[in-house]
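Heads up: the structure comes next, in structure tokens.
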Amino acid sequence: MATILQIETATQVCSVALSLNGETIAFKEQMAPNIHAASLTLFITEVMQNARLNYADLDAIAISKGPGSYTGLRIGVSTAKGLCFALDKPLIGINTLEMMANGFFKAQPDYKGLVCAMIDARRMEVFTAVYNQNLKEEVAVNAKIIDEQSFLEQLSNNELTFIGDGALKCESVIVNPNAKFSDQNYNSSICMSNLAYEAFLAKKFEDVAYFEPFYLKDFVFTTPKAKV
């Protein structure tokens, strides 16, 4: 048996779940800007209490490792690593875009097309990847500026559903009869339950000391505007 604490902070969603052998048994999440620092540890405590578990009962910690928000990822990964060190538990890293696609296919088991997971970046840029039903990458993870030519190859022969907080802003640009857009939230820790369990069974653990979030792009520092 494997009880895994799962953390997702790569977007504006702050999400914590507990899974037992790949099935979600408790979760807590909220979508709001800049809440991760104040809410994450509270959500973890609440989820553990609701499941009536002690931290010693955990077998591993799983983290949605990115790509995504620089600040959100730092908070989530730092919290996960701290728990791993304190409890002497292994760390599991799950690609955020793969997690999202996994959540979609779990919710739509009869869907035969492709899924494009998108995380909002700046302006018309997104962090994205395209997956088939077996969670194999049809388009590798990349940072992409969306225009009218985006994903034409995939759209030519497949229905392609765009998901994530970067998808809706692209709806007016990607105009194609095979393009579908979902407003459901798949940036959720519950979407990694089976993935985390599979990684646990395969002993695909991260090196806690050296593990870093998958930022995809370097963080860009900006200079605040001077007050008038």
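The values are calculated or read from the model by the stated rules, or taken from the named source; none is laboratory data. Everything numeric in this text was worked out from a predicted model, so none of it was measured. Cβ: placed from backbone, ideal geometry, glycine included. Neighbour counts: every protein chain shown.
Which one of Ala80, Ala60, Ala26, Ala86 is buried (at least 18 other Cβ atoms within 10 Å of the Cβ), among the small types (Gly, Ala, Ser), in contact with a Phe, Trp or Tyr (Cβ under 9 Å, 6 or more places away or on another chain) and farther than 14 Å from Glu212 by Cα?
Step by step, each of Ala80, Ala60, Ala26, Ala86 is checked, and only Ala60 is buried (at least 18 other Cβ atoms within 10 Å of the Cβ), among the small types (Gly, Ala, Ser), in contact with a Phe, Trp or Tyr (Cβ under 9 Å, 6 or more places away or on another chain) and farther than 14 Å from Glu212 by Cα.
How many of the residues making up the stretch 1-30 are assigned to a strand (DSSP E or B) and either touching a Ser or Thr at 6+ places or on another chain (Cβ under 8 Å) or at pLDDT below 95 (or both)?
20
Using beta carbons and a limit of 6 Å, which pairs, at least six apart or on different chains, have the first residue in the stretch 166-178 and free of Cβ contacts under 8 Å to residues at least 12 places away in the same chain and the second one outside any loop (DSSP other than H, G, I, E, B) and surrounded by 15 or more Cβ atoms within 10 Å (Cβ to Cβ)?
Partner pairs satisfying both residue conditions: Glu171/Phe181.
Does Ala38 satisfy the criteria of being surrounded by fewer than 19 Cβ atoms within 10 Å (Cβ to Cβ), out of contact with any Pro (no Cβ under 8 Å at 6 or more places or on another chain) and not acidic (Asp, Glu)? Give the derivation first.
Working: surrounded by fewer than 19 Cβ atoms within 10 Å (Cβ to Cβ): yes; out of contact with any Pro (no Cβ under 8 Å at 6 or more places or on another chain): yes; not acidic (Asp, Glu): yes.
Judged against the criteria, Ala38 is a match.
Answer yes or no: is there a residue in the stretch 126-138 that is in contact with a helix residue (DSSP H, G or I) (Cβ under 6 Å, 6 or more places away or on another chain) and in contact (Cβ under 8 Å) with a residue 60 or more places away in the chain.
No.
Could you say whether any residue in the stretch 143-161 is under 22 Å from Val16 (Cα atoms) and under 17 Å from the mean Cα position of the chain (by Cα)?
Among the residues of the stretch 143-161, not one is under 22 Å from Val16 (Cα atoms) and under 17 Å from the mean Cα position of the chain (by Cα), which makes the answer no.
Can you give me the number of residues within the stretch 110-134 that are surrounded by fewer than 15 Cβ atoms within 10 Å (Cβ to Cβ) and under 24 Å from Ala62 (Cα atoms)?
Looking only at that region, the number is 2.
Given (1) closer than 16 Å to Gly166 by Cβ; (2) not assigned by TED's automatic domain parsing to the domain that holds Val13, where does Glu148 come up short, assuming only one miss?
(1)
Out of the stretch 74-116, which residues are closer than 17 Å to Ser19 by Cβ, among the basic types (Lys, Arg) and touching a Leu at 6+ places or on another chain (Cβ under 9 Å)?
Lys89
Output the number of residues of the stretch 140-170 satisfying the condition of being assigned to a helix (DSSP H, G or I) and not acidic (Asp, Glu).
Result for the stretch 140-170: 8.
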